[in-house]
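These notes are about the structure you will find just below.
The values are calculated or read from the model by the stated rules, or taken from the named source; none is laboratory data. The structure presented is a predicted model; accordingly, all values stated were derived computationally and were not measured. Virtual Cβ from ideal backbone geometry, glycine too; neighbours counted across all protein chains shown. Areas reflect the complete protein model, heavy atoms only, side chains present, ligands, DNA and RNA absent. Shrake-Rupley method; radii C 1.70, N 1.55, O 1.52, S 1.80 Å.
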Amino acid sequence: PQQKKYSQNAAPGSLSAAFGFFAGELGIDSQVLNFMGVVHEAVSGNDGTTIKAAGNEAVNGKSCDKFTVTGASGDDTWQVWMEQGDKPLFCKLVYHSVDGPAQTNVFHWNADPKILPDTFTFTAPAGSTKVDVGDLNMVSP
């Protein structure tokens, strides 16, 4: 908003492509987005990722199923705890890499959000200019 610029792009063709676009344009390395992309590719049958059940554990008082996900190269491993029940949301995600430190994310969800249809309707701010996404000078937080 301070730049008085905005950009609009067509949605990428897959979930993993959307995560890649988002992370790439913001210049961030989000293991949560990487994990979702890896799982999407694995479910689509597009790579050598392995997913193994690793038991059940409680996370923040919630009963969770635990899984270990190993990327095709074997260098990246995620442990994910998913809430048991009809809304299997992430409770916890731990990323391990042979090249760096672990990253842990613990999630607190609103499992029943009230989202109005116009939430996703974009109206350009008055006096703003439409530009290419690369011209927005975005920086990671």
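Using the basic label-point model (7 angstrom from Cα toward the beta carbon), what is the residue 132 to residue 11 distance in nanometres?
According to this spin-label approximation, the distance is 2.6 nm.
Given a 1.4 Å probe and heavy atoms of the protein chains only, how would you sort 96, 40, largest accessible area at the top? Each step should come with its number before you reach the end.
Working: 96 75, 40 50 Å².
In descending accessible area the options line up as 96, 40.
Taking Cα pairs under 8 Å and at least six residues apart, what relative contact order does the chain come out at, in percent?
25 percent
Count charges around residue 69 for me, please; just the other residues with Cβ under 15 Å from its Cβ, Lys/Arg as +1, Asp/Glu as -1.
Values: positive: 52, 66, 92; negative: 41, 47, 65, 75, 76.
With Lys, Arg at +1 and Asp, Glu at -1, the net is -2.
Over region 2-139, give the accessible area per residue in Å² for a 1.4 Å probe, as an integer. Mind showing how you got there, number by number?
Values: 8970 Å² over 138 residues.
Dividing the accessible area of region 2-139 by its residue count gives 65 Å².
What does the charge dipole of the chain about its Cα centre add up to, to the nearest 20 debye, if the Cβ of each Lys and Arg holds +1 and the Cβ of each Asp and Glu holds -1? Let's see the in-between values first.
Details: 9 positive and 15 negative charges, 82 e Å.
Computed about the Cα centre, the dipole is about 400 debye.
Say a paramagnetic label sat at a point 7 Å from the Cα of residue 67, along Cα to Cβ; which residues of region 96-130 have their backbone N under 17 Å from it?
96, 105, 107
At a threshold of 8 angstrom on Cα-Cα distance, excluding pairs fewer than six apart, so keeping six or more, what relative contact order does region 51-113 reach in percent?
Details: 120 pairs, mean separation 14.0, N = 63.
Here the relative contact order equals 22 percent.
Give the shape of region 88-141 as rounded, prolate or oblate, defined through the alpha-carbon gyration tensor: a ≥ b ≥ c are the square roots of its eigenvalues, a/c under 1.5 means rounded, and otherwise the shape is prolate if a/b is larger than b/c and oblate if not.
Numbers: a/c = 4.45, a/b = 1.40, b/c = 3.17.
Oblate is the answer for region 88-141, as a/c is 1.5 or above yet b/c matches or exceeds a/b.
Which percent of the accessible heavy-atom area of the chain goes to carbon and sulfur, probe 1.4 angstrom? Don't jump to the answer; show the numbers that get you there.
Numbers: 5070 of 9320 Å².
Carbon and sulfur atoms account for 54 percent of the accessible area of the chain.
Compute the acute angle (0 to 90°) between the alpha-carbon long axis of helix 31-43 and the principal axis of greatest extent of the alpha-carbon atoms of the chain; round to the nearest 10°.
Relative to the chain, helix 31-43 is tipped by roughly 70 degrees.
If you work out mean projected area of the Cα convex hull in nm² from the coordinates, which of (i) 14.3; (ii) 8.0; (iii) 11.1 do you get?
Of the listed options (i) 14.3; (ii) 8.0; (iii) 11.1, (iii) comes from this structure.
For region 14-96, calculate the relative contact order in percent as a whole number, restricting contacts to Cα pairs under 8 Å that are 6 or more residues apart.
Numbers: 132 pairs, mean separation 15.9, N = 83.
Dividing the mean separation by the residue count of region 14-96 yields 19 percent.
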